[in-house]
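The values are calculated or read from the model by the stated rules, or taken from the named source; none is laboratory data. All values reported here derive from a predicted model rather than from experimental measurement. We place every Cβ from the backbone using ideal geometry, glycine too, and count neighbours over all the protein chains shown.
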Amino acid sequence: MSAPTGKAETFAGPTLGILGGGQLAQMLALAALPLGVRVRVLEPDPQAPARLCADHLQAPYTDPAGLDALAECDAVTLEFENVPVAALDALSGRVPVRPGGELLARSKHRAREKAALRAAGVQTAPFVAVETEADLDGALERVGGRGILKTSELGYDGKGQARVSTQGELAEAWAALGRVSCVLEGLVAFEREVSLSVARTAGGELAFGPLIENVHRDGILRTSVYPVAVPESTGPEDTEARAREAARAIAEAWGLEGLLTVEFFLLPGGTLLANEVAPRVHNSGHLTQDGGGLSQFEAQVRAVLGLPLADWRPLLPCAMVNVVGVKGREPQWAAIDALPGTHVHLYHKAPRAGRKLGHVNVVAPDLGTLRERVARLEELIP
Ligand code: AMP
């Protein structure tokens, strides 16, 4: 591991440590720097996106010297939930870790997460935890006859999941997933997918991000839009208020310090079911970088360091389209640049099919113009 320069010579501002050095850490660092905050990331990948704008401690997440260097920071946060809880436990008591190990342990294990959502009074899809062969008996009926089997840990972007509608398919899917701890969820006929972030300071003050609509393609987020076009019957304000209430309940019941994001299914009648909690900024919130308000990245930095923070919300309609690697195809960059209101964000990663390489935000004076620009962007980005 290369030695960090420490809290630099003449530098008097706070230093933020981050477990993980991917694109979210890169964008957290880019938001932290103008606030007078330096960033140090612990990340084993030598090519990690954050290496270009933060001190890069290149070592495993549980490396003692790496953790010692993070412990010198004013606070530590995370950008990715597949960090071992042991790394957070090793930092506990030495430096404020926000969010902490208990919250991470919950959010990185789907079965525990769903149970903890219910315990916080937040509705979820019907689910059954699958730990052993015996748990498969009757599981499908209990979730409504059709379901999605998901690994409890290490799944992301639709990986580690299988749709099942018969007992045979369920048994096969569980075997294919390696008979590991899983959760079987009832298949939800949602109308839309939405997300909302909440930040909570160590003193218990809350601030909220905007309600954002998300469209996935092949299990990966394709497009996010603000504001959400919710049906007349449910009303956008009402839906947002209920999403905020659920996020508040989770933040308080789980003792959040820092920022978390809740992904919801919005059902035709307006009911919100929480699907997943990410203990951090979220891909859907990237549009806040260019909507004219505070970005989700600055919100996480502020919440973790205890800097003043109010609700963060774009001032203009805005959207994001992800740039995901597609073999043999490139986005049409010149046309993207020529489209009014676009902002390109690249992660400095080697291209690979299915890999998130960047995103393009677009902003517009009104929702109609935004929709036209998003449609055009989706043609320009394979
Ligand atoms: P997840 O990894 O849980 O975020 O799932 C990836 C995507 O699969 C979600 O964004 C949904 O589009 C879809 N999905 C996940 N769970 C369900 C469910 N219980 N019912 C219907 N669709 C689902």
Note to self: As an exercise: evaluate Val97 against (1) farther than 23 Å from Ala303 by Cβ; (2) surrounded by 20 or more Cβ atoms within 10 Å (Cβ to Cβ) and give the number of the one condition it does not meet.
What the structure shows: (1)
Checklist line | Single match in Ala32, Ala50 (criterion: small (Gly, Ala, Ser), under 21 Å from Arg355 (Cβ atoms) and assigned to a helix (DSSP H, G or I)) | finding: Ala50
Check: Within region 178-186, is even one residue within 11 Å of the ligand (Cβ to nearest atom), closer than 17 Å to Glu141 by Cα, in contact (Cβ under 8 Å) with a residue 60 or more places away in the chain and charged (D, E, K, R)?
Finding: yes
Check: Which one is farthest from Leu256 (Cα to Cα), of the residues in region 126-139 that are within 13 Å of the ligand (Cβ to nearest atom) and surrounded by 20 or more Cβ atoms within 10 Å (Cβ to Cβ)?
Finding: Val128
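Here's the yes/no breakdown for (1) in contact with a Pro (Cβ under 9 Å, 6 or more places away or on another chain); (2) surrounded by fewer than 23 Cβ atoms within 10 Å (Cβ to Cβ):
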| position | (1), (2) |
| --- | --- |
| Ala207 | no, yes |
| Ile212 | yes, no |
| Thr223 | no, yes |
| Pro227 | yes, yes |
| Gly255 | yes, yes |
| Leu259 | yes, no |
Notebook entry, point to check: Does region 235-243 include one or more residues that are within 14 Å of the ligand (Cβ to nearest atom) and surrounded by 15 or more Cβ atoms within 10 Å (Cβ to Cβ)?
Noted result: no
Notebook entry, point to check: If the Cβ limit is 7 Å and pairs must be 6+ apart or interchain, which residue in region 211-240 that is assigned by TED's automatic domain parsing to the domain that holds Ala199 and over 14 Å from His282 (Cβ atoms) pairs with which residue that is in a loop (DSSP other than H, G, I, E, B) and at pLDDT 95 or above?
Noted result: Pro227/Pro317; Val228/Leu211; Pro236/Pro227; Thr239/Leu211; Glu240/Leu211
Checklist line | Any chance Val164 is free of Cβ contacts under 8 Å to residues at least 40 places away in the same chain and β-branched (Val, Ile, Thr) | finding: yes
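Per-residue answers, yes or no, for (1) more than 28 Å from Leu149 (Cα to Cα); (2) under 18 Å from the mean Cα position of the chain (by Cα):
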site: Gly209; (1), (2): yes, yes
site: Glu213; (1), (2): no, yes
site: Ser224; (1), (2): no, yes
site: Val230; (1), (2): yes, no
site: Trp254; (1), (2): no, yes
site: Asn283; (1), (2): no, yes
site: Gly292; (1), (2): yes, no
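Quick test for you: out of Gly292, Gly354, pick the one residue that is farther than 30 Å from Ala105 by Cβ and either in contact (Cβ under 8 Å) with a residue 60 or more places away in the chain or not in a strand (DSSP E or B) (or both). Quick ask: steps written out before the conclusion?
On the way: Gly354 fails: farther than 30 Å from Ala105 by Cβ.
Among Gly292, Gly354, only Gly292 is farther than 30 Å from Ala105 by Cβ and either in contact (Cβ under 8 Å) with a residue 60 or more places away in the chain or not in a strand (DSSP E or B) (or both).
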Next item on the list: State whether the residues of region 167-180 include one that is over 30 Å from Pro99 (Cβ atoms), among the acidic types (Asp, Glu) and in a loop (DSSP other than H, G, I, E, B).
Entry: no
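Of all residues in region 140-150, which are part of a loop (DSSP other than H, G, I, E, B) and either away from the ligand (no atom under 11 Å from the Cβ) or in the same structural domain as Asn82 (by TED's automatic domain parsing) (or both)?
Just the residues of region 140-150 that are part of a loop (DSSP other than H, G, I, E, B), to begin with: 143-146.
Gly145, the sole residue that qualifies.
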Check: Would you say Phe208 is within 16 Å of the ligand (Cβ to nearest atom) and touching a residue at least 60 places away in the same chain (Cβ under 8 Å)?
Finding: no
Item checked: Residue check for Ala162: aliphatic (A, V, I, L, M) and more than 15 Å from the ligand (Cβ to nearest atom) -> no
Next item on the list: Could you please find all residues in region 78-96 being more than 25 Å from Leu273 (Cα to Cα) and within 18 Å of the chain's Cα centre (by Cα)?
Entry: Leu78, Val83, Pro84, Val85
Check: Which of the residues that make up region 256-271 are within 18 Å of Phe80 (Cβ to Cβ) and assigned to a strand (DSSP E or B)?
Finding: Gly258, Leu259, Leu260, Thr261, Val262, Glu263
Note to self: Here are the criteria: (1) within 17 Å of the chain's Cα centre (by Cα); (2) assigned by TED's automatic domain parsing to the domain that holds Gly291; (3) crowded, with 16+ Cβ neighbours inside 10 Å. Tell me which single one Glu153 does not satisfy.
What the structure shows: (2)
Note to self: For region 195-205, check the following and say yes or no: at least one residue is within 12 Å of the ligand (Cβ to nearest atom) and either crowded, with 19+ Cβ neighbours inside 10 Å or under 30 Å from Asp137 (Cα atoms) (or both).
What the structure shows: yes
